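Note sheet for the following structure.
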């Protein structure tokens, strides 16, 4: 089983802020790599109720099933590699394969047979080292919408928070309450459903 605690800080950006950071960090178009997240939950969002999120990320023709769970102020991630064939079956409504992720879901008293595919979000991502961490610029496309964000991953929460807050202040970017990608996806999905 592959598990890790993710310490990351994120902030939504305006399009102008995003373009400015690309320029200031000398990022080229070729530095952006495409990845797509495919989101899953039960129809009544039982994973969300457990402050958890399930996705398959397709990146470089590899498929990784990841369950994210709230763990103190961090995120605990459980990963499981998938074949292209099993991934295709999941999109068609087949049951999650046995393994680390389904074991954790069962421990939440959620039936894996109720997990269903809900939609996708495609990100064009540039990442590079920054102050003992990793700085990420994302352009996200989902449900007819585009948004932009900056993320900073760090091995230490306090140092990472300090570095991220200093970066936002230095670049004159307001600190914005920023939900996760999957939360923004679901919010937009709910808005589209009500229209």
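Every number here is computed from the coordinates shown, using simple stated rules; none is lab data. This structure is a prediction, so every number in the text was calculated from the model and none was measured. Note that we place each Cβ from the backbone using ideal geometry, even for glycine, and neighbour counts take in every protein chain shown.
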Problem set entry | Hey, residue 28 touching a strand residue (DSSP E or B) at 6+ places or on another chain (Cβ under 9 Å) and loosely packed, with under 15 Cβ neighbours inside 10 Å or not | yes
Exercise. What about residue 153, is it touching a helix residue (DSSP H, G or I) at 6+ places or on another chain (Cβ under 9 Å) and either surrounded by 15 or more Cβ atoms within 10 Å (Cβ to Cβ) or on the phi < 0 side of the Ramachandran plot (or both)?
Worked result: yes
For this session: Could you tell me whether the range 56-63 includes any residue that is touching a helix residue (DSSP H, G or I) at 6+ places or on another chain (Cβ under 7 Å) and either surrounded by fewer than 19 Cβ atoms within 10 Å (Cβ to Cβ) or assigned to a strand (DSSP E or B) (or both)?
Result: yes
Problem set entry | residue 53 at negative phi and not in a strand (DSSP E or B) | no
Seminar exercise, completed: residue 130: passes all of (1) surrounded by 15 or more Cβ atoms within 10 Å (Cβ to Cβ); (2) on the phi > 0 side of the Ramachandran plot; (3) free of Cβ contacts under 8 Å to residues at least 40 places away in the same chain but (2)
Exercise. Quick one: in the range 73-96, which of the residues that are under 21 Å from residue 7 (Cβ atoms) and in contact with a strand residue (DSSP E or B) (Cβ under 9 Å, 6 or more places away or on another chain) is surrounded by the most Cβ atoms within 10 Å (Cβ to Cβ)?
Worked result: 78
Problem set entry | Residue check, residue 133 over 30 Å from residue 192 (Cβ atoms) and in contact with a helix residue (DSSP H, G or I) (Cβ under 7 Å, 6 or more places away or on another chain) | yes
Exercise. Is it true that some residue in the range 6-14 is surrounded by 12 or more Cβ atoms within 10 Å (Cβ to Cβ) and in a loop (DSSP other than H, G, I, E, B)?
Worked result: yes
Problem set entry | Restricting the range 97-107 to residues that are surrounded by 15 or more Cβ atoms within 10 Å (Cβ to Cβ) and in contact with a helix residue (DSSP H, G or I) (Cβ under 8 Å, 6 or more places away or on another chain), the residue that is farthest from residue 53 (Cα to Cα) | 97
